[in-house]
1. All but one of (1) more than 16 Å from Val137 (Cβ to Cβ); (2) open to solvent by 10 Å² or more (accessible area, probe 1.4 Å); (3) hydrophobic (A, V, I, L, M, F, W, C) hold for Ala98, so report the exception by its number.
2. Return the residue satisfying two criteria in turn: it lies in region 108-118 and is among the hydrophobic types (A, V, I, L, M, F, W, C) and out of contact with any strand residue (DSSP E or B) (no Cβ under 9 Å at 6 or more places or on another chain), and of such residues it is modelled with the highest pLDDT.
3. Name every residue in region 178-200 that is assigned to a strand (DSSP E or B) and touching a helix residue (DSSP H, G or I) at 6+ places or on another chain (Cβ under 9 Å), in order of residue number.
4. List pairs: first residue in region 64-88 and open to solvent by 10 Å² or more (accessible area, probe 1.4 Å), second residue part of a loop (DSSP other than H, G, I, E, B) and of a type in the set (Lys, Arg) anywhere in the structure, Cβ distance under 9 angstrom, at least six positions apart or on different chains.
Amino acid sequence: MQELPDRQVLLDIPSNRIAALASLENSILLAPWIVPSVRIYVSCGEELEALKELREAVAAVSGFTDISLSITLVVHRPLPNLYDLLTEVRKREHLVSAVVVEVERSVKKMLQVTQETESSLTEDDTSLDPMDIIDQVCDVVGFDAGREEFVPLSAAAIAEPLLRVIGYGRYLVRPSPFCAFGAALIRGKPLSHSVDIHRLFHTISPLVQHGSRSGLRALLTAKKMQSALAKCMKVPVDIAKYLTSTKDEDTKLVESTLKTLQFFVVHAKMDIFDLDGNRRLGCAAVTVGKLGEDGFAASCTGCM
């Protein structure tokens, strides 16, 4: 099967189809650049059915080598209890690399809200506010600092050149600060225990804005970058050294550590009754690369 270097393709697939796809002799899941993204709808009172879907999806891909799985949990109000689902995900840190939780409203509820007559729906029935979802994720996953662990996903812009260097592909990660909020675990512990996330953003952001294809690795080896990364670390690890090292033992350590990374994202999804024009202008299917490179970069299209 042909490989596409320096690319990763997110394959959005329903949970009831991934087993059939995995059983094909020449399945696309064999391609190292494919990341299956399984969407599971979770309703209050039907959490066990969703848990069964999650386990079936995990079982379907567990036989593949070096595969990474993304899980999207779509919920609506009244909110379901995500304890069992998130606990199951936590056990699969080497397989499930990302979990996205998004709240959506049914068309029926949206129409009821717009009716002129008094509706029996309360704000709790229809709100898209992601804060209570974030609280639930923090309680289950173990983000001990609570909401403070979650940062606007727009902060991920500082990772654009780093993702390229370590072989994760080329991305343009510049959503509105209101689009989503994310946090990460590494080796089962919040990333914030090892890295000062807020300081990292404000320190590294000016340095990565002018990166280029030829200078991405040089960016990490520059003394300014090494010094900036060192100041943001809460543990005595020379992260720039390990990321740029050509020694087998260092490369294996970086790879094994990165495989334990789990990202948890709460998506503040828009719908046709809650459309932010300014946010929407920043959404695109594909964007010309902004890092001095030829070609295009993937962008978020998750809302509408």
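1. Single failed check for Ala98: (1).
2. By that ranking, first place goes to Leu111.
3. Matches in region 178-200: Ala180, Phe181, Gly182, Ala183, Ala184, Leu185, Ile186, Pro190, Val195.
4. As it stands, the answer is Asp66/Lys259; Ser68/Lys259; His76/Arg105; Arg77/Arg105, since those pairs meet every condition given.
The values are calculated or read from the model by the stated rules, or taken from the named source; none is laboratory data. Just so we're clear, the structure is a prediction, and the values are computed from it rather than from any experiment. All Cβ positions, glycine included, derive from the backbone under ideal geometry; neighbour counts span all protein chains shown. Calculation scope for accessible area: heavy atoms of the full protein, side chains included, ligands and nucleic acids excluded. Shrake-Rupley method; radii C 1.70, N 1.55, O 1.52, S 1.80 Å.
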